[in-house]
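A short worksheet on the structure shown next.
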Amino acid sequence: MYQLILCEKATGIVLELDGKTRYHAGENNKRPSFSFDNLLEAENKAYDLINVNSDLEIAIYDCNWEYIKTITKE
């Protein structure tokens with residue numbers, strides 16, 4: 001399982017899944033993330049999202065929330 005976390009490219013602030021609203025952690029809130037069964041699916045979704053909104057950077061984590069990589073548009 002792989003997770004995508006959306007962030008503002010300029011600040012690194014975590015965003016909600018809409019890619020626009022800043023995430024504010026609360027008592028019952030989990031990090032907003034997209035989940036995928038394999039890394040290729042996760043990367044493809046990240047590139048699709050970046051192509052729509054170049055102001056995003058997207059971090060990919062594994063099932064243990066270990067950082068894999070960040071995808072951003074140059």
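The values are calculated or read from the model by the stated rules, or taken from the named source; none is laboratory data. Everything numeric here is computed off the predicted structure, so don't read it as measured data. All Cβ positions, even for glycine, are placed from backbone atoms using ideal geometry, and neighbour counts span all protein chains on display. Side chains are part of the model used for accessible areas, which takes the heavy atoms of the whole protein and leaves out ligands, DNA and RNA. Shrake-Rupley method; radii C 1.70, N 1.55, O 1.52, S 1.80 Å.
Quick notes on this one:
- Here the sum of -39500 (n - 2.57) over DSSP H runs of 4 or more residues, divided by the residues of the chain, equals -6000 deg cm²/dmol at 222 nm, to the nearest 500.
- Our coupling estimate for segment 38-50, obtained by passing each phi through the Karplus curve with A = 6.51, B = -1.76, C = 1.60 and θ = phi - 60°, is 9, 5, 4, 4, 4, 5, 4, 5, 4, 5, 4, 5, 5 Hz, Gly and Pro reported as x.
- Residues whose amide H falls under 5 Å from that of ILE71, counting only those 5 or more places apart or on a different chain, are ILE58, ALA59, ILE60, with hydrogens built in the peptide plane.
- Taking only protein heavy atoms and a 1.4 Å probe, the accessible area of the chain is 46% carbon and sulfur.
- Solvent-accessible heavy-atom area per residue, rounded to whole Å², over the chain at 1.4 Å: 66
- Calculated FRET efficiency for the pair ASN51/THR11, C-beta based, R₀ 30 Å, to 0.05: 0.90
- Ordering 46-54, 59-67 by mean Cβ neighbour count within 10 Å, with the highest value first, yields 46-54, 59-67.
- Amide H contacts of LYS9: LEU56, GLU57, each under 5 Å away and 5 or more positions distant or on a separate chain (H built 1.01 Å from N in the peptide plane; Pro and chain starts excluded).
- Taking a ≥ b ≥ c as the square roots of the eigenvalues of the alpha-carbon gyration tensor, segment 13-54 is classed oblate because a/c is 1.5 or more while a/b is no larger than b/c.
- Mean shadow area of the chain over all directions, Cα convex hull, nm²: 4.8
- Charge tally in the Cβ shell below 13 Å around TYR2, where Lys, Arg are +1 and Asp, Glu are -1, TYR2 excluded: -3
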